1. Exactly which trypsin sites (Lys or Arg not before Pro) in the range 12-92 are in a DSSP loop and have at most 13 other Cβ atoms within 10 Å?
2. Using the 2.2 N^0.38 Å rule of thumb for compact globular proteins, work out how the chain stacks up: its C-alpha Rg over that value, please.
3. If each DSSP helix of 4+ residues adds -39,500 (n - 2.57) and the sum is divided by the residues in the chain, what number results at 222 nm, nearest 500 deg cm²/dmol?
4. Residue-wise, which Karplus ³J(HN,Hα) couplings in Hz belong to the range 31-38, taking 6.51 cos²θ - 1.76 cosθ + 1.60, θ = phi - 60°, and x for glycine or proline?
5. Quick check: the angle from helix 65-77's long axis to the longest principal axis of the chain, C-alpha only, nearest 10 degrees?
6. If exposed chymotrypsin sites (Phe, Trp or Tyr not before Pro) are those in a DSSP loop with at most 15 other Cβ within 10 Å, what is the longest stretch of the chain that has none?
7. Taking the chain, how many lysine pairs are there with alpha carbons less than 25 Å apart, if each pair must be eight or more places apart or span two chains?
8. Could you work out the relative contact order of the range 1-87, using alpha carbon pairs under 8 angstrom and six or more residues apart, expressed as a whole percent?
Amino acid sequence: MDNIATLKLLLQPLVENSVVHGFKNMEDGGHIFITISMENENIIYCVKDNGCGFTGEFNWEKGYALKNLRDRLRIYYGKKAWITVENQEEGGVIAMMSFPATDEFHSKDRGNQV
């Protein structure tokens, strides 16, 4: 595929959570690693940080940014999309999402061509 359409602002909430929550008690040394790959006709976004992580299980109802992101993925892609947020054993958080690669949207939100 030469042109792949994606929903707007998919990475922004993941990166913002790393900065605002993961690095809130760090003076320096915070790193965010972003990878984008394609597997079996799906796009996979992965955002990892070396921040403080979170306590217990991730709560989708606690904030609104990641809940909204999850809901947008469900609306546009249905069960073909998923998102996970987990603590890493070595510290920090890893957030991953997957959604079908497509060249167009059939909605008002035409997405971004990449």
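FYI, it's all coordinate maths here, none of it is from the lab. Predicted model, so just to flag it, every value in this text is computed and none were measured. Cβ atoms come from the backbone with ideal geometry, glycine included; neighbour counts cover every protein chain shown.
1. Numbers: sites: 24, 48, 62, 67, 70, 72, 74, 79, 80; in loops: 24, 62.
Those satisfying the criteria are 24, 62.
2. Numbers: Rg = 14.7 Å, N = 114, 2.2 N^0.38 = 13.3 Å.
Ratio of Cα Rg to 2.2 N^0.38 Å: 1.11.
3. Values: 2 runs with 19 residues, N = 114.
Helices in the chain give a 222 nm mean residue ellipticity of -5000 deg cm²/dmol.
4. Karplus-based 3J(HN,Hα) across the range 31-38 equals 10, 10, 10, 10, 10, 10, 9, 10 Hz.
5. It is inclined by approximately 20 degrees.
6. Working: sites that count: 58, 60, 64, 105.
Of all site-free stretches, the longest is 1-57.
7. Lysine pairs meeting both conditions in the chain amount to 20.
8. Details: 66 pairs, mean separation 20.8, N = 87.
For the range 1-87, the relative contact order is 24 percent.
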